[in-house]
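The values are calculated or read from the model by the stated rules, or taken from the named source; none is laboratory data. Since the structure is predicted, the reported quantities are computational estimates derived from the model, not experimental observations. Cβ placement follows ideal geometry from the backbone for every residue including glycine, while neighbour counts extend to all protein chains displayed.
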Amino acid sequence: MSGGAPESKQLLEAFEAFTAASEQLQHRYEALQDQLGRLRNELETVIEAVPFAIWVLGNEGELRFTNRPQGMTGSFQDGVPPWELDSPTGLRHFKDAEGRAHHHPA
């Protein structure tokens, strides 16, 4: 018949090892979250500094992101927006929400 003390000791050691591994994973996760935050800030700084519009499209061609959302309140006067399929290329005529005309290269 086996004694209860060795099994208890093994369970305690296993639990302590699990707790240590869990704490190590938690610290690593927090470090990765910090790194992700720094990289996100760096990327945002670069995207904001780019002197032209960046458009990120979804699988269906919908606009998912632009670094110039302030310029998106209005409409293109010569066809569909440049991020849509079959849109005209070249200089595009855009009228902002206040009615001012702008020209955007596509």
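Things to note:
- Residue count for region 6-46 satisfying the condition of being under 23 Å from the mean Cα position of the chain (by Cα) and small (Gly, Ala, Ser): 2.
- Residue ID - modelled with the highest pLDDT, chosen from residues in region 60-82 that are in a loop (DSSP other than H, G, I, E, B) and under 21 Å from Ala49 (Cβ atoms): Asn67
- Tally, over region 59-73, of residues that are exposed (fewer than 10 other Cβ atoms within 10 Å of the Cβ) and either β-branched (Val, Ile, Thr) or touching a Lys or Arg at 6+ places or on another chain (Cβ under 9 Å) (or both): 1
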